[in-house]
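The structure under discussion appears below in the form of structure tokens.
Please treat every number below as a calculation from the coordinates, not as lab data. Owing to the predicted nature of the structure, the values given are computational and were not obtained by experimental measurement. Note that each Cβ is placed from the backbone with ideal geometry, even for glycine, and that neighbours are counted across all protein chains shown.
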Amino acid sequence: MFSFHKTPRLFASACCGAILASMPALGATGQAGHYGYGEPATDEQIAAWDIDVRPDGKGLPEGSGTVDEGMALFETQCSSCHGSFGEGMGRYPKLAGGEGSLTEDRPEKTVGSFWPYASTLWDYIHRAMPFFAPQSLTDDQVYALTAYVLNLNYIVDADFVANKETLPEVVMPNHDGFTWEDPRPVVNNERCMEDCKEEVTISDSAAGKNLTPSTTGPLDEGITE
């Protein structure tokens, strides 16, 4: 007969043994790195995640949209947050205006004043807008909204047609405000093992300043190695 204080340990051991016995042995499938669960991602699943668009336009899909088409869509899908002309509503951001404000104390970082690439606008609308139903727009609708927002900022004319060929050719007003170059100098510090100090003197510490828990205190009471 088992004593009461040992029963939980024996019960836990029995459960663990049953679980381990039911698990497939690692490498049982013969595939390196395979742990016996999950399945390879399908082409459709990969395509659903692979939606980024690069600054040069790579990743833009087939389709097109005009400024007029975008104006009608903007009124129904976007104006409640961004205003009919991109002026912003309440605390929702402005999409147009702000020219020349980036050097001011309170710059307005709009599509026209700040964004460096037109393809970024397409990418953001496609993946995140409208706010209440992201990724619900068709590619043609995203092209149309992109064209309209660019027109609101006087970047493209009213007859502009956005597609994967014309959009990468749009030069944004703040294009030169961004750089891919890192201005920090390259520093290669080699470990020096010559003329090292024989002794190190500690000039200050956190002890006694109530900054860190003490090594002996209420939390340590009753704790033994």
For segment 78-146 the chymotrypsin sites (Phe, Trp or Tyr not before Pro) that pass both the DSSP coil test and the at-most-11 other-Cβ-within-10 Å test are PHE132
In nm, the gap between the two label points placed 7 Å beyond Cα toward Cβ at ASP182 and ALA48 is 3.6
When the Karplus curve 6.51 cos²θ - 1.76 cosθ + 1.60 is applied with θ = phi - 60°, which whole-Hz ³J(HN,Hα) does each residue of segment 173-180 get, with x for Gly and Pro? x, 9, 4, 7, x, 10, 9, 8
What is segment 62-177 by shape, rounded, prolate or oblate, if you read a ≥ b ≥ c off the alpha carbon gyration tensor as root eigenvalues and call it rounded for a/c under 1.5, prolate for a/b larger than b/c, and oblate otherwise? oblate
I need ASP204, ASP123, ASP68 ordered by Cβ neighbour count within 10 Å, fewest first. ASP204, ASP68, ASP123
Each residue of segment 61-78 in turn: what ³J(HN,Hα) in whole Hz from Karplus with 6.51, -1.76, 1.60 and θ = phi - 60°, glycine and Pro shown as x? x, 5, x, 6, x, 9, 5, 4, 5, x, 5, 5, 5, 4, 5, 8, 9, 10
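Could you calculate the contour length gain from GLN135 to GLU62, that is, 0.36 nm times the residue separation minus the distance between their Cα atoms, to one decimal place in nm?
Working: separation 73, 0.36 × 73 = 26.28 nm, distance 1.63 nm.
Length difference between fully extended and current span is 24.6 nm.
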Final fewest-first order of TRP180, TRP49 on the 10 Å Cβ neighbour count is TRP180, TRP49
Arrange the peptides 189-197, 56-64, 103-111 so that the one whose residues have, on average, the most other Cβ atoms within 10 Å appears first. 56-64, 103-111, 189-197
From fewest to most C-beta neighbours within 10 Å, the residues SER80, SER203 line up as SER203, SER80
Give the lysines reachable from LYS109 as a straight Cα distance under 26 Å; neighbours fewer than 8 places away on the same chain don't count. LYS58, LYS94, LYS164
Using alpha carbon positions and the Kirkwood radius, the Rg to Rh ratio of segment 123-205 is 1.45
